[in-house]
Every structure is written in structure tokens, then in C-alpha cells.
Amino acid sequence: MVTRFAPSPTGRLHLGHAFAAKVAFNFVKNQRFNCLLRIEDIDHTRCTNEYTLEIYRDLDWLGFDWPVPVKIQSKHYYDYAKAIKNLCDLGLAYECSLTRGNIRDGLLPKNKGISIEGYLDNFKRSNNRPNITHSIRLDLKKSMQFLKDQKLTFIETSSGTEKEVNSKMALMDSIINKKPDPIIARKDIGVSYHIAVTHDDHYQNISHVVRGYDLYESTHLHVLIQKLSNWQTPKYHHHPVLNNKYGDKLSKRGLDTSIRSLRNNGLTAKQVLDMATL
């Protein structure tokens, strides 16, 4: 059994992260298994090295430890680009200059179905940081037709028992209701969370994905990408997210709940972990 805790260095860790880390690391506690640390920093427009260092510092102070080396996603843009190019070569992805709002207003991508020429070369020329002119979307309808009658399911364990969830129904609902096809390569960063996370879960041999319930709906898309890419589908454990006193999800902008702020105010690691409770 291998799981992971995968924060993004877009701000300081807060109590919500402490809770998520506690759930993930405790998931394999007292077992000869690992909880890996992965830094999901592909969004170079928001992530900083300073926040990455603070992640290490905060988690170490809280008493967590993890195997090294740590996977740093920003060092693997080209790997994610190859995965995206494979989907393009299958005829399942297309360039799109439209926003979600444009598509909701009824506009259709003019260049839908065109292959992505020079996509990988852009990564090579830009020193592993892409420079693409349009976003790339995964064609849900074509993808479902490509898989024909193959099962699209995942095992959810959050209830204490293993439950098989049918992702095909959720994906077909998106098609029927004409929701925008999902972006698998953002114009500003050249890749996407959906590709990077499923790629890494496969190649890091993650057997159980432990993460917040706010990502539950994304799992249907992740299962589809895994199937199209011939990657393994791990089991999933979606836990509740920690909210503030108003019932809203904690934000990195709430500096009063940051681990650094709580530590500087004299709280011990145990006190912070005790606070990080539903």
C-alpha cells in the first residue's frame, strides 16, 4: 500500500492541510507502507520555491516524515506533455481557444479534431516550460466511443468498506448536458493537474489516493484518463475537508490559520494537530 500527500506551493499550509496530511500519513501508520510527499507545482504562475521550502518545514515540524527524493512536478513537464501528445495522436484531444464561458454560450471550437503539431517540440525549445498558443481539451464523446464497452469504475473506501463507483454514468451526463470538454493542457502552463496527477499516481505506484472530498467529481475524469493511457486505477479515499467557523473551506489567504502563524504564536505541533480535527 502506497499513498501520497501532494500539496501545491501556492501559499502557506494551513489547518486544512494539517488535517489532510494527518489523514494521509495516518492511513499507512503502523504498517510497513509509505506515504509519499509530492510537490504539485506545475502552475508556475502561482507556485514559488519559498512556499515549497515552507511545506517541508511545516510538515517536519508537525512530526511527519517521508521517503526521499520528493517528486517535484515542475521537473517533469515533458513527461506530462508526452502523455497529452499520446491522447492527441489517438484523435481524442484537440486545440481550443475558447473559454468555458464561450462554450456555454454556444460557441464551438473551430479547430476541433486538428492534431497538435509541434507540441512536444515547444517543450524542448522552451527549456521544459511550454509555450502553446491554445489550450488542449479532451474530447469526452470520442473518448467514450474509443473505449466502447470497457468498464470505467473506481473503488471508494471512505465509508469504511470498498464501494465500486461507476464513472461512466457521470461522464455520459457531462456529454448529454453539453458541458465543456475538460482541459488537459492549459495555455499558460502547457499541461494540467488532471494529467500530471494521474501520470504520477501511476508511475509512483500509488495504490490508494487519499485526498479531500472536494476532488471527488474529478475522479471520474481521472479514471477516464487512466483507462485511455493504460495506467492503473488506484483505490480512492475521499475524506471531508476542514472548514472554518462559517462553514467555508479554509483558504491559504487565511493567514491566521497558517501553520507558520500558529507556530509563531507559541502553539506546539501536538496542539496544532489536535486543532486539525473535524
Want the number for Lys75 to Arg46: 0.36 nm per residue separation, take away the alpha-carbon distance, what's left? 8.9 nm
Over 23 Å between C-alpha atoms is what I'm after, so list which of Lys178/Lys235; Lys168/Lys227; Lys29/Lys227; Lys22/Lys227; Lys29/Lys270; Lys82/Lys187 land there. Lys178/Lys235; Lys29/Lys227; Lys22/Lys227
What order, most packed first, do the peptides 6-13, 50-57, 71-78 have when packing is the mean number of other Cβ atoms within 10 Å of each residue? 6-13, 71-78, 50-57
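Read the figures in this text as sums done on the coordinates, not as results from a lab. Because the structure is a prediction, the values reported are computed rather than measured. Here Cβ is always computed from backbone atoms with ideal geometry, including for glycine, and neighbour counts include all displayed protein chains.
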